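Have a look at the structure below, then the notes.
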Amino acid sequence: MDKRKIKETFLGGVIKNNPTFVLVLGTCPTIAMTTSLFQAFAMGVATTFVLIFSNLFVSLLRNVIPDKVRIPCYIVIISTFVTIVQMVMQKFLPELYSTMQAFIALIVVNCIILARAESFASCNRPLYSVLDGVSMGIGFTAALCLIGIVREFFAAGSFAGMEIPGFPAMDSVGASAFGFIVFGCLMALFNFVIRKLDERKEKMKKSVLPLSEGRAETLEEVAK
């Protein structure tokens, strides 16, 4: 078991390969389901559940599924877990399901899930595939919640469903347009921070390298 690969897989979807801010996948639910924090969180959890189990079963069946029909097979696997999500939400969260049912059904063709099934789960062992699903799900959920917090606060004048006294709410058209602005600004900010962190790491590596080379030369002189 490669510990380095486990770490890279688990952290990849949250930061370097964040499906929303870096890979720009699943944009439709990102805009549609982030009008409130609660909806954004529910969409993220539902997608994470489908991601984990679809990745797991695609990985388990990767040597059995014929190459020519792999995409239809992936869709059948994904739709099975989407149906489970629909039944659970319809039973225990009927009000939430009534507002989200169209987008819950569209998880079947969500670019994030199909992309991870094709590019990762079909090429890796079950453990790594599950970790990838967890990582991508956390990254997607965190991004949706962040956008949802900002949109709900400025567009609806509330936080997590609690109204803020004296804070004006936008109309539906303005709120939708504002959603695209928030998405773009947060994406730019996220990528800017990641780039700065990468540059800082590179500078640290370059500063450490001469020290390590000098130490090696000193050890060679002592050995002589």
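The values are calculated or read from the model by the stated rules, or taken from the named source; none is laboratory data. No experiment lies behind these values; they were computed from the predicted model shown. Here the Cβ positions follow ideal geometry from the backbone for every residue, glycine too, while neighbour counts run over all protein chains shown.
Summary table below
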| item | result |
| --- | --- |
| Some residue of region 136-145 being aromatic (Phe, Trp, Tyr), out of contact with any strand residue (DSSP E or B) (no Cβ under 8 Å at 6 or more places or on another chain) and at pLDDT 95 or above | yes |
| Sole exception among (1) under 18 Å from the mean Cα position of the chain (by Cα); (2) over 22 Å from Phe178 (Cβ atoms); (3) touching a residue at least 60 places away in the same chain (Cβ under 8 Å) for Val58, by number | (1) |
| Failed item in (1) aromatic (Phe, Trp, Tyr); (2) more than 17 Å from the chain's Cα centre (by Cα); (3) within 23 Å of Ile71 (Cβ to Cβ), with Phe180 passing the rest | (3) |
| Boolean, Val108 is in contact with a helix residue (DSSP H, G or I) (Cβ under 9 Å, 6 or more places away or on another chain), farther than 28 Å from Gly161 by Cβ and surrounded by fewer than 21 Cβ atoms within 10 Å (Cβ to Cβ) | yes |
| Qualifying positions in region 110-125 - within 17 Å of Thr48 (Cβ to Cβ) and part of a helix (DSSP H, G or I) | Cys111, Ile112, Ile113, Leu114, Ala115, Arg116, Ala117, Ala121 |
